[in-house]
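The structure appears right after this line, and notes come after that.
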Amino acid sequence: MERLKIATVWLGGCAGCHMSFLDLDEFLIDLAGKVELVYSPVIDVKEYPEGVDVCLIEGAVCNADNLEILHKIRARTKVLVSFGDCAVTGNVPAMRNQFGLGNADNVLQRAYIENAQFNPVKPKADGIVPTLLERVQPVHEVVQVEYFLPGCPPPADRIKALLVQVLEGKTPKLEGPQLKFG
Amino acid sequence: MAAKTLTIDGKQISAEEGETILQAATEAGVKIPTLCHLEGVYDVGACRLCLVEVKGTPKLLPACTLKVAEGMEVSTDTERLRKYRRMTLELLFAERNHVCAVCVANGHCELQALAYELGMDHVRYDYIFPRWEVDNTHRLFGMDHNRCVLCGRCVRSCWHIEGAGTKNVSGRGARSKIITDLNQPWGNSESCTECGKCAMSCPTGALFRKGSTVAESERDRTKLEFIVNAREKKQWNA
């Protein structure tokens, strides 16, 4: 049997979900025998490949780069999983939405001018530093998402529970506290 | 008192006249999800999570305020009810800023627990991300309107257990707001007795005792229970 092509991606989040993924410990060895990791922050592949079976998406959609790669991922992947609370709800990155439209500017002002000790200047480098979107969105508000894996971060056993079912070709079903946010 | 015979989820039960469907179901071991219901204060049917179906009525009715009647046939867990409960829950999450990861009530929150018990893995509605303030003017307690579900448990506890009448509701619809006195900063309130019953009653992280950081907030409801027992059973068990 051909191994499933798996990808993981890190949008606007803290990488905690990926840390939790690494907490899968010895299950990672089982996983390595069953899947092929084709794109991830933990491997050195620059371009998101075609024909990916499953992609775990960490983080909310916060900037122009997030948005661009997300559309690419959707076009090239069969099954998308919103991986963790930022992807599922917007979580902490989306708290800036409370400041209304124009918040992207306010956030930069606060971080790079008001709180700067040295050299206060807003970062601007077209083509290098992606521009912030006016509104941070959870992944499913932007593209169709098949499965949801809540948690901040989702504990390793919850990630395993979902992956095992996906690898068996089942529609994954998480229940009760396995769906806890936060 | 007269007994009424009815069925809940096909189960024959008998309940005392004047009891609610919620009380009768609880006695019969049938669990109905609730949020605005709190033992010890009267029910208002505000949150709509305990909605049930009654044969012969097209409307869904809140179990917490619906009185038992002879021959009533009640269903508490149908496809239609699950659909509406899930919808209600999602709207509650979309309406304010419920960021579980950084909430004082994370792990001790009735809204969070209801969400996973009812299988809510995401919210299908666009989040509103409204702007709400936090009132931290009181020396002992805080009020974070971002986490409020407007269940009114704090208001009922304040008026009907403590008898202080400090907490009230202002506004209409989603812009309704729990206020202190006539919308004063809590720290300036002269009517507040600092009893803390509002914070004990709160199902979420909206009302909290200061000093409780993320995931540390635990509800101590023993004082509420003490007063209710004293009032109803004439037992003063400290």
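FYI, it's all coordinate maths here, none of it is from the lab. The structure presented is a predicted model; accordingly, all values stated were derived computationally and were not measured. A quick note on method: Cβ atoms are made from the backbone with ideal geometry, for glycine too, and the neighbour counts reach across all protein chains shown.
Quick one: pull the percentage of alpha-carbon pairs in the range B:3-77 with a separation above 21 Å. Roughly 16 percent, once rounded to a whole number. With a Förster radius of 51 Å applied to the C-beta separation of B:Arg82 and A:Gln117, the computed FRET efficiency comes to 0.40.
Dipole check for the range B:3-77: with +1 at the C-beta of Lys and Arg, -1 at the C-beta of Asp and Glu, and the Cα centre as origin, the magnitude is about 240 Debye.
Amide H contacts for B:Leu51 (H built 1.01 Å from N in the peptide plane; partners 5 or more residues away or on another chain; cut-off under 5 Å): B:Ala63.
Under 5 Å from the amide H of A:Leu133 lie the amide H atoms of A:Asn63, A:Ala64, each residue being 5 or more positions distant or on a separate chain, with H modelled from the backbone and absent for Pro and chain starts. Dipole size of the protein assembly as shown about its Cα centre, with +1 on Lys/Arg Cβ and -1 on Asp/Glu Cβ: approximately 920 debye, rounded to the nearest 20. Residue-wise HN-Hα couplings along the range A:84-100, as the Karplus relation 6.51 cos²θ - 1.76 cosθ + 1.60 with θ = phi - 60° gives them from phi, are x, 4, 5, 5, 7, 10, x, 6, 4, x, 7, 5, 5, 4, 4, 8, x Hz; Gly and Pro carry x. Measuring between their Cα centroids, the range B:64-126 and the range A:107-152 lie 31 Å from each other.
Here's the picture: charge each Lys and Arg Cβ at +1 and each Asp and Glu Cβ at -1 in the range B:3-77, and of B:Val68, B:Pro58, B:Gln12 the one pushed furthest to the positive end of that dipole is B:Pro58. With the helix formula -39500 (n - 2.57) applied to DSSP H stretches of n ≥ 4, the protein assembly as shown reaches a computed 222 nm mean residue ellipticity of -7000 deg cm²/dmol. The 3J(HN,Hα) values that the Karplus relation (6.51, -1.76, 1.60; θ = phi - 60°) gives for the range B:78-91 are, in residue order, 9, 3, 4, 5, 4, 4, 6, 5, 4, 4, 4, 4, 4, 5 Hz. Gly and Pro appear as x.
Rounded to the nearest 10 degrees, the angle from helix B:222-233 to the longest Cα principal axis of chain B is 50 degrees.
The GluC sites (Glu not before Pro) of the range B:46-127 meeting both criteria, a DSSP state outside H, G, I, E and B (loop) and at most 13 other C-beta atoms within 10 angstrom of the site's C-beta, are B:Glu70.
Here is the list for the range B:87-176: chymotrypsin sites (Phe, Trp or Tyr not before Pro) lying in DSSP coil, each with at most 13 other C-beta atoms within 10 angstrom of its C-beta, are B:Tyr125.
Seen against the Cα atoms of chain A and their longest principal axis, helix A:64-76 is set at about 20 degrees. Placing +1 on the Cβ of every Lys and Arg and -1 on the Cβ of every Asp and Glu, with no other charges, gives the range A:52-182 a dipole of roughly 100 debye about its Cα centre. Where is the GNM fluctuation largest for chain B (alpha-carbon springs, 10 angstrom cutoff): B:Gly196, B:Gly107, B:Gly142? Its mean-square fluctuation being the largest, the pick is B:Gly107. Shown here for the range B:141-192: trypsin sites (Lys or Arg not before Pro) in loop regions (DSSP other than H, G, I, E, B) with at most 13 other Cβ atoms within 10 Å, namely B:Arg172. Fewest-first ordering of B:Ile8, B:Ile227 by other beta carbons within 10 Å of each residue's beta carbon gives B:Ile227, B:Ile8.
How many angstrom lie between the Cα centre of the range A:89-103 and the Cα centre of the range A:12-77? Between the Cα centre of the range A:89-103 and that of the range A:12-77, the gap is 24 Å.
Give A:Lys34/A:Lys173; A:Lys78/B:Lys31; B:Lys83/B:Lys223; A:Lys180/B:Lys67; A:Lys72/B:Lys177 a once-over and call out the pairs whose C-alpha atoms are over 32 Å from each other. Pairs exceeding the cut-off: A:Lys78/B:Lys31; B:Lys83/B:Lys223; A:Lys180/B:Lys67; A:Lys72/B:Lys177.
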